[in-house]
1. Would you please give the FRET efficiency between Ser89 and Glu52, computed as 1/(1 + (r/R0)^6) with r the Cβ-Cβ distance and R0 = 25 Å, to the nearest 0.05?
2. How many lysine pairs does the stretch 36-170 hold where the Cα atoms are under 21 Å apart and the two sit 8 or more places apart or on different chains?
3. Within the stretch 77-104, find all residues whose amide N lies under 17 Å from a label point positioned 7 Å from the Cα of Lys70 along Cα-to-beta-carbon.
4. Would you mind listing how long the chain runs along its three principal axes, going by Cα atoms, in whole Å with the largest first?
5. Once R0 is set to 22 Å, what does the formula 1/(1 + (r/R0)^6) return for the Cβ-Cβ distance between Ser98 and Leu167, expressed as a FRET efficiency to the nearest 0.05?
6. I'd like to compare 31-37, 14-20: which one has the highest average count of other Cβ atoms within 10 Å, and what's the full order after that?
7. To test your reading of the geometry: what angle, between 0 and 90 degrees and rounded to tens, separates the Cα axis of helix 113-128 from the longest principal axis of the chain?
8. Using only alpha-carbon positions, what ratio does the radius of gyration of the stretch 1-94 give when scaled by 2.2 N^0.38 Å?
Amino acid sequence: MNGKRTRIINDPSDLVPLLQVFGSESHKRVFDKLCDQWLTERELVEIFGDNESVSQSIELLRKSGLIETKWRVPEPGKSPEKEYHSAFSRVQANFFSSMEDLSDLIRVTFMSDEELRDITEKLREKVRSGVTSISTLSRDLGKSQVYLKAAAKRAKGLTVRGQRIELSEE
């Protein structure tokens, strides 16, 4: 272990982005490379050769809080670039969950974007109209709170903050 921080998971829905990252070979490879050194997106594309895949990996790693970002000081006459590095080297999980909730989390994690689109669109509509409480959203949409938190953690443009779901600026 290299002395980095420990990611503490107290909410089972925090597993969703982790399972997404480590359930994908391309995301895992990007994460592993960022464990070794600070790299820019351009450098990652040079290593892995797939611009879209690297961009998706960085987006997912940022949303899940697994990487940190800083600006690289450029050579004279060049523009600064963001560079990325893994933020955690260990994980500690401490939560209790029913099997039903855990199965919802796993199901949402591995649903295709198409399968998830309906519920995330409904969530966005409700949040835009001012309904942000997870318990109210659960009642209105007929889905468990865990299911909705998991869906929001997967969705672009949605963020879970405590017991609320909010629009984010991604």
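The values are calculated or read from the model by the stated rules, or taken from the named source; none is laboratory data. For clarity, every value in this text was computed on a predicted model and none was experimentally measured. Positions of Cβ are generated from backbone atoms using ideal geometry, with glycine treated the same way; all protein chains shown enter the neighbour counts. Calculation scope for accessible area: heavy atoms of the full protein, side chains included, ligands and nucleic acids excluded. Shrake-Rupley method; radii C 1.70, N 1.55, O 1.52, S 1.80 Å.
1. For Ser89 and Glu52, the calculated efficiency is 0.35.
2. 18
3. 80-89
4. Principal-axis extents of the Cα atoms in the chain, largest first: 56, 35, 25 Å.
5. Result of the calculation: an efficiency of 0.15.
6. Ranked by mean Cβ neighbours within 10 Å, highest first: 14-20, 31-37.
7. The two axes meet at around 70 degrees.
8. Taking N as the residue count of the stretch 1-94, the ratio is 1.13.
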